[in-house]
Each structure stands twice: as structure tokens, then as C-alpha cells.
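> I'd like to ask some things about the structure below.
The values are calculated or read from the model by the stated rules, or taken from the named source; none is laboratory data. This one's a predicted model, so the numbers in the text were calculated from it and none came from an experiment. Note that we place each Cβ from the backbone using ideal geometry, even for glycine, and neighbour counts take in every protein chain shown.
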Amino acid sequence: MKPWILGITGGIGSGKSAVAQLFIDLGVHLVDADHAARWVVEPGQPALAKIAEHFGAEVLQADGQLDRAALRARVFADVAERRWLEALLHPLIRQRIVDYLARAESPYAALVSPLLVESGQHQLTQRILVIDAPEQLRVQRTMDRDQATAEQVQAILRAQASREERLRYADDVLVNDRDLHWLRSEVERLHNFYLTLSGGQP
């Protein structure tokens, strides 16, 4: 039987990566949309050539890799440029995700994506788990992880779906404001529940 797809999302700093790893540890076939997004702009991929042609050589590093920081600065400053980039990349990322999900052999597979709702990737899933945490905690975690300023983190938060919007799509919500031991037990509880579902629905 074809596995059903669980979408996992949450705002920056909510702890998606930690939750994703715990699902992987439990044997769940997991696809990370961020990995797919990085792959489609690798040197030699058609998307990278189009990006360089559109934005100029300053968005490339000396070795031909994409300079993410330079590109991010350009697209966060200009909505039209961000839309152009999304129109180019989203269909390619989606195809890559679909290809990876098709290889799943576990009873259900998971797609973790920070932009699950915004990018329309939620249409690939049968159930959505939102990882949530108080905003102050998310900002602090992101500043610690990325050595970013509060202003930079706030700008990213503004570009992502609002917490309310994400929660509106949620079938399940995991509030990640405690330690890893607690988080592991919550993920195991959800996993055992998910194993009882067919097609992602009770």
C-alpha cells in the first residue's frame, strides 16, 4: 500500500529539524524541502544558470556555487524579485520532493518544510503536524543558531506564514517549549498514533 504523507511545518526556530530527526530515528522516510531547495540550485542545475542570468554574477561565489546570502539580500529587499525566484524554484523543488516521497517504504512518509503552507506543498500531504513554540523562544533559538540579530530574525518571521495561518492548517500541534527528552516522548506518541491511521485520517 502506498504510504500516506505527513506534512511537518513550523516557523523559524520552532525546532522542526529536531522533530524531523526524531521521526527519522523511528524509521520514517522523511524528505526535507530545504534539502530539495538546495539541490535544485547546485552548479550544473538549470535553475542556477537562470538565477545568475537574472541577478548577475554577484549572486555567485568564486567557485560557481550560489551565494545564498547575496541572493537572500536581493529577494528580501524586493517583493517582485522574490516572486520571480519563487516562480522559478517552487515547481522544481516540488518535483524533487515528489520523486523522493515516491521512494518511501515506511507506512507513512514525512515532508518537513518551513514553507509547507505558503508554497502549496501542503497539497502533497494528507495530514499536517505544526511544530509551535512561543515567538520569544523561537527568536532566541534562531539568534543563537544563526548568529543573527533580532531584526534579521523578525524579517524572516514576517516573510513566513503567520502562526495563526499555520495553525489553521494543523491536524496536530506539538508545542516544543521543553527539553529534548520530552520532545522525543511526544514524537513517539504521535508516531504510534500515525501508525494506526490509514491515509492520514483516523
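> For the condition exposed (fewer than 15 other Cβ atoms within 10 Å of the Cβ) and of a type in the set (A, V, I, L, M), what is the one hit in Ala80, Ala37?
The conditions single out Ala80.
> Quick test of your reading of the structure: Ser14 fulfils all but one of (1) polar (S, T, N, Q); (2) at pLDDT 95 or above; (3) in contact with a helix residue (DSSP H, G or I) (Cβ under 7 Å, 6 or more places away or on another chain). Name the failing condition by number.
In the conditions (1) polar (S, T, N, Q); (2) at pLDDT 95 or above; (3) in contact with a helix residue (DSSP H, G or I) (Cβ under 7 Å, 6 or more places away or on another chain), Ser14 misses (2) alone.
> So, Ser119, is that one under 24 Å from Lys2 (Cβ atoms) and not assigned by TED's automatic domain parsing to the domain that holds Phe76 or not?
Taking the combined requirement at face value, the residue satisfies it.
> I'm told Leu137 meets every condition in (1) within 26 Å of Asp78 (Cβ to Cβ); (2) at pLDDT 90 or above; (3) not polar (S, T, N, Q) except one. Can you identify the failing condition by its number?
(1)
> Within region 99-113, can one find any residue that is more than 27 Å from Asn192 (Cβ to Cβ), of a type in the set (D, E, K, R) and assigned by TED's automatic domain parsing to the domain that holds Glu42?
Yes - at least one qualifying residue is present in region 99-113.
> How many residues does region 140-175 contain that are in a helix (DSSP H, G or I), over 25 Å from Arg68 (Cβ atoms) and not charged (D, E, K, R)?
Residues that pass the stated criteria total 2.
> Filter region 158-174 for residues that are under 14 Å from Pro114 (Cβ atoms) and surrounded by 13 or more Cβ atoms within 10 Å (Cβ to Cβ) and give the result.
If the condition is that a residue be under 14 Å from Pro114 (Cβ atoms) and surrounded by 13 or more Cβ atoms within 10 Å (Cβ to Cβ), then Ala159, Gln160, Ala161, Arg163, Arg166, Tyr169 are the ones that fit.
> Among the listed residues Pro134, Pro107, which satisfies the condition of being farther than 14 Å from Leu30 by Cβ and not β-branched (Val, Ile, Thr)?
Step by step, each of Pro134, Pro107 is checked, and only Pro134 is farther than 14 Å from Leu30 by Cβ and not β-branched (Val, Ile, Thr).
> How many of the residues making up region 22-73 are under 30 Å from Ser185 (Cβ atoms), part of a helix (DSSP H, G or I) and hydrophobic (A, V, I, L, M, F, W, C)?
5
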